[in-house]
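One structure below.
The values are calculated or read from the model by the stated rules, or taken from the named source; none is laboratory data. Fair warning: this is a prediction, and the values are worked out from it, not measured in the lab. Using ideal geometry, Cβ is built from the backbone for each residue, glycine included, and neighbour counts are taken over all protein chains shown.
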Amino acid sequence: MLTAKKVKEFARKCGADIVGIGSMERFDGAPKEMDPRYIFPEAKAIIGFGFRIPRGCFRGIEEGTYFAAYPSMGYAHINLIFAPTVLRQVACMIEDEGYEAVPIQNMVIGSSVDILLGKPTRISVPVSPNKPAPDVLLHFRIAAVICGMGEIGYSKLLLTPEFGPRVRLAFMLTDAPLEPDPIYDGPPICDRCMLCVKECTGKAISPDRTVKLKVAGKEFEWGELNEERCALAYTGGAMEFNPFYTGELEPIRFEEIERDSGGYTRPEFETVYRKLRYNVNSVAVFHHLGAIEGARGCIRACMIHLESQGKLKNKFKEPFRKRRPWTIAQ
Ligand code: SF4
């Protein structure tokens, strides 16, 4: 008999670091475009898989000397190779038991959520009036909460008791009747230290405007995220944190970038994405943008803080931050 225990043990053996299971009714209230029940209406459970980003993927960025480990091993390898391999093995195991399993990896190629966000990139139409336009886009962090894997921190990142924010996600829908885990109800992980806000290179997280959302009866609140500032900074737009800047970019004034003030068609995006040599090379070699700023606030600062509080299960003999953080003199 296929049980939740059997699925979890198998997924861990295949390489998942965290596995949680949620029930489908916990998606009640989700916008149609993000409701996985439109993907597999007969699904009885969603399985969440967490894959740690090894802490060492951030070491070279922290030192300012080796940036490739994060876009390659911290992003592309997990999302494009390792997690899909685990998803495939678990899907085959579930289907050998006579149930169907829909794998959902962390990669988007076209989504009706673009329309929700007001972006001018509509690339699909609904196949019938009662369905959302494809592709339905699962909200990964909310889905992880639904699977009992952790909480959403002020940074809007998923914080897990094992690795804090240092985790990537993948999911699976199945009609196997697997017993759900409870929603995470352990000690709060985020203590509103606000280091994610202070150390974010793109000033992308609001210190005072917040978003509240109730998921499966539990309320979460996070700082409003300016996704445009985030995307620009993360790919190297914050020049004092970008040693690969060699004159291609005009200085970007992050404070002046409003949310949804032009979407990803802004000329700054074009320049950072397509002209900054490091990003061009990173996409060519790793199939992923450079992620040059190395999640300075929402992952590194947060992780340093949570580790110093002894809140994470993944313990290290030495603290991560060993020297004063660098910036390039202006
Ligand atoms: S850095 Fe601090 S405020 Fe931000 S998510 Fe982490 S614990 Fe919460």
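I want to confirm something. Restricting to the stretch 146-163 and keeping residues that are aliphatic (A, V, I, L, M) and farther than 14 Å from Ile47 by Cβ, which single residue is surrounded by the fewest Cβ atoms within 10 Å (Cβ to Cβ)?
If we take residues in the stretch 146-163 being aliphatic (A, V, I, L, M) and farther than 14 Å from Ile47 by Cβ, then Ile152 is surrounded by the fewest Cβ atoms within 10 Å (Cβ to Cβ).
Look through Gly247, Gly290, Gly237, Gly310 and report the one residue that is among the small types (Gly, Ala, Ser), farther than 22 Å from Ile109 by Cα and under 21 Å from the mean Cα position of the chain (by Cα).
None of the others qualify; the one that does is Gly237.
Residue-by-condition table, conditions (1) away from the ligand (no atom under 14 Å from the Cβ); (2) assigned to a loop (DSSP other than H, G, I, E, B):
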{"site": "Leu169", "(1), (2)": "yes, no"}
{"site": "Met172", "(1), (2)": "yes, no"}
{"site": "Leu178", "(1), (2)": "yes, yes"}
{"site": "Asp181", "(1), (2)": "yes, yes"}
{"site": "Gly186", "(1), (2)": "yes, yes"}
{"site": "Ile189", "(1), (2)": "no, yes"}
{"site": "Cys193", "(1), (2)": "no, yes"}
{"site": "Lys198", "(1), (2)": "no, no"}
{"site": "Gly202", "(1), (2)": "yes, yes"}
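Could you please find all residues in the stretch 154-167 being within 19 Å of Ala83 (Cα to Cα) and more than 8 Å from the ligand (Cβ to nearest atom)?
Leu158, Thr160, Glu162, Phe163, Arg166, Val167
Arg141 is checked against (1) away from the ligand (no atom under 16 Å from the Cβ); (2) modelled with pLDDT of 80 or more; (3) among the charged types (D, E, K, R); (4) part of a helix (DSSP H, G or I) and fails just one. What number does that condition carry?
(1)
Mind checking which pairs have a first residue in the stretch 154-165 that is under 10 Å from Cys298 (Cβ atoms) and a second that is more than 8 Å from the ligand (Cβ to nearest atom) and at pLDDT below 95, Cβ under 6 Å, 6 or more apart or different chains?
As it stands, the answer is Lys156/Leu225, since those pairs meet every condition given.
Could you please find all residues in the stretch 203-231 being in contact with a helix residue (DSSP H, G or I) (Cβ under 8 Å, 6 or more places away or on another chain), modelled with pLDDT under 90 and under 25 Å from Gly294 (Cβ atoms)?
If the condition is that a residue be in contact with a helix residue (DSSP H, G or I) (Cβ under 8 Å, 6 or more places away or on another chain), modelled with pLDDT under 90 and under 25 Å from Gly294 (Cβ atoms), then Glu228, Arg229, Ala231 are the ones that fit.
Can you pull out every residue in the stretch 1-38 that is out of contact with any strand residue (DSSP E or B) (no Cβ under 9 Å at 6 or more places or on another chain), surrounded by fewer than 17 Cβ atoms within 10 Å (Cβ to Cβ) and assigned to a loop (DSSP other than H, G, I, E, B)?
Scanning the stretch 1-38 gives Met1, Thr3, Asp28, Pro31.
What helices (runs of 4 or more DSSP H) completely inside the stretch 209-325 contain at least 2 residues that are of a type in the set (Phe, Trp, Tyr) and either touching a residue at least 60 places away in the same chain (Cβ under 8 Å) or within 15 Å of the ligand (Cβ to nearest atom) (or both)?
277-286
Please verify whether the stretch 105-113 includes one or more residues that are at pLDDT 95 or above and among the β-branched types (Val, Ile, Thr).
No, the conditions are met nowhere in the stretch 105-113.
Which one of these is at pLDDT 95 or above and surrounded by 21 or more Cβ atoms within 10 Å (Cβ to Cβ): Pro54, Pro84, Pro41, Pro71?
Pro71
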